[in-house]
Amino acid sequence: MKITKICCIGAGYVGGPTMAVIAQKCPHIQVKVVDLNAERIAAWNDEDLNNIPIYEPGLDAIVGEARGRNLFFSTEVEKAIDEAQIIFISVNTPTKTYGKGKGMAADLKYIELCARQIAKIAKDDKIVVEKSTLPVRTAEAIKSILDNTGNGVQFQILSNPEFLAEGTAVSDLLNPDRILIGGDTTAEGQEAIQTLVDVYANWVPTDKILTTNVWSSELSKLTANAFLAQRISSINAMSELCEKTGADVNEVAKAIGMDSRIGPKFLKASVGFGGSCFQKDILNLVYIAKSYGLNEVADYWEQVIIMNDHQKRRFSSNIVQTLYNTVSDKKITFLGWAFKKDTNDTRESAAIYVADDLINENAKIAVYDPKVSRKKILADLDYLESRKAEDNANAILSFEDPYEASKGAHAIAVLTEWDEFVQYDWQRIYDSMQKPAFVFDGRNILNRAEMESIGFVYQAIGS
Ligand code: NAD
Ligand code: UGA
């Protein structure tokens, strides 16, 4: 089938950047990204490219090139479904907050809504692509809804999980390690796979496009995230042992990473991983394993989350303990709130949990993040429902300038590894702080010798 029209339901961190790159690389295909969230769509359509809703290095230029040519953002979901030959579903799949599987299983209500809407609207054959991260065998449910509520047209369901990381989304999309496409083993299924392969082949070398059956593709996505997160929990577990023994986790990471079987990536000890996906996807994996009665498998993976929670809590307790067992009314400056550098996304950021612990101890938290607003910070804390919104608002001081944020502080905690933090005039910061001036580096980005020569009491993770 020659593809001329694609639509994507969901204009979020995945739908927006992914479709922008497809549109840029396939000028002959019209790409429509649709979302129920009118505010988000308006922001994608904002003439000023600084205002598009997702900050990713390089994304503004790509949107600027393709938008209005063959890339469109709209709230007209039904129209886009009707016109498209390929429909990507890229909606959120958060952890369930109610009912069976609460706190573990993926909430598939948005996925099901999409499937029902596609079934209702479609008047000709469509390829439906799961771009969202889904539990293994979700395609079965989607197929059942489409076939039983549709208008008799043929649907092919493909799984095409997304592996981009935030902060590097554009380069990950332009040069992916691989594109994974799972489909039915039937002739129609294979034809649908080939159709999607042809879209990606516009810029991805075909030897990097891997095709599998649907279930392998769905499960590979959860597996990839579980393995990545497991490496972080593994090195973080070692960081605590390093602190007790005089070993330095950065040296240990370097030493083991030079083993080509281990490799150097994803071995950076930290205050704990955040982001919308690692925890959600592992909990989902744990839930799936449990539902098949595989309790040892479930416990094995759950430990990755237990370790990560411990790492966040350990960081905040250490701050309290080091500041003479009280942070009451002390100003503690947070450098960074985003879950990693080069993104404005704060979902599940370690900063939220560390702040929550410290506010429980009556600390005042002064936050500076180059891309995160006060409104977002307060929304993140309010979401935890630990205390009244006004108490959060009183406990959080936010600043547009890191030097202002640090003035009079008892301690600085580095929560995000933004490059600019390393460039600061740390002498100036030191001079404006209470003494002794403490720095708790949750990202191991500052230089211990330099910090100590200025006079800071400097603590890093795992050394
Ligand atoms: P997101 O919350 O940023 O975006 C999802 C969007 O879908 C929202 O704007 C929401 O309004 C919209 N939506 C929900 N239901 C809808 C409906 N019925 N019709 C129209 N729009 C609807 O989420 P995200 O971060 O883009 O993640 C989407 C999926 O991709 C998730 O399954 C996630 O696990 C997966 N994923 C995310 C990343 C990442 O880096 N964020 C990477 C790989 C995979
Ligand atoms: C992660 C995966 O890397 C992507 O492949 C995947 O597509 C995505 O999840 C998803 O499914 O949502 P992302 O969460 O955007 O991407 O970012 P990562 O670079 O993986 O970082 C996740 C968290 O781990 C961040 O808080 C980061 O600071 C932390 N991290 C990462 C460490 O603490 N140490 C490391 O060595 C690496």
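The values are calculated or read from the model by the stated rules, or taken from the named source; none is laboratory data. Note that the coordinates shown come from a computational prediction; the quantities given were computed from them, not determined experimentally. Cβ placement follows ideal geometry from the backbone for every residue including glycine, while neighbour counts extend to all protein chains displayed. Only protein heavy atoms, including side chains, enter the accessible area calculation; ligands, DNA and RNA are left aside. Shrake-Rupley method; radii C 1.70, N 1.55, O 1.52, S 1.80 Å.
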On the accessible surface of the stretch 167-232, probed at 1.4 Å with all protein chains in place, carbon and sulfur together account for a percent value of 52
The lysines whose Cα lies under 29 Å from the Cα of Lys290, excluding any fewer than 8 residues away in the same chain, are Lys96, Lys100, Lys102, Lys109, Lys131, Lys143, Lys221, Lys280, Lys312
Measure nothing but the geometry: give the 0 to 90° angle between the long axis through the Cα atoms of 278-291 and the longest principal axis through the Cα atoms of the chain, rounded to 10°. 60
R0 = 25 Å: FRET efficiency of Ser291 with Asn213, Cβ-based, nearest 0.05? 0.75
Rounded to the nearest 10 Å², what accessible area does Thr75 show when all protein chains are kept and the probe is 1.4 Å? 70
Prolate/oblate/rounded label for the stretch 299-363 (Cα gyration tensor, a/c 1.5): oblate
Specify the inter-centroid distance of the stretch 410-450 and the stretch 107-126, based on alpha-carbon positions, in whole Å. 50
Rounded, prolate or oblate, given the Cα gyration tensor of the chain, with a/c below 1.5 counting as rounded? prolate
Can you compute the helix-only [θ] at 222 nm over the chain? Use -39500 (n - 2.57) per DSSP H run of at least 4 residues, normalise by all residues, nearest 500 deg cm²/dmol. -14000 deg cm²/dmol
With θ set to phi - 60° and the Karplus curve 6.51 cos²θ - 1.76 cosθ + 1.60, what are the ³J(HN,Hα) couplings of the stretch 261-267 in order, to the nearest whole Hz, using x for Gly and Pro? 6, 8, x, x, 7, 6, 10
How far apart, in nm, are two points set 7 Å out from the Cα along the Cα-to-Cβ line at Lys375 and at Asn318? 3.6
Hey, how many Å between the Cα centroid of the stretch 222-250 and the Cα centroid of the stretch 268-283? 12
Calculated FRET value between Gln434 and Asp46, using beta carbons and R₀ = 45 Å, to 0.05: 0.60
Can you give the accessible area per residue of the stretch 29-112, in Å², using a 1.4 Å probe? 46
Is the stretch 1-123 best put as rounded, prolate or oblate by its Cα gyration tensor, with a ≥ b ≥ c the root eigenvalues, rounded for a/c under 1.5, and otherwise prolate when a/b is larger than b/c, oblate when not? oblate
The helix 214-245 Cα axis meets the longest alpha-carbon principal axis of the chain at an angle in degrees, between 0 and 90 and rounded to 10, of 10
Coil-residue trypsin sites (Lys or Arg not before Pro) of the stretch 94-161, DSSP, other Cβ within 10 Å capped at 13: Lys100, Lys102, Lys123, Arg137
If amide hydrogens are placed 1.01 Å from N in the peptide plane, which non-local residues have theirs closer than 5 Å to the one on Lys5? Gln30, Gln85, Ile86
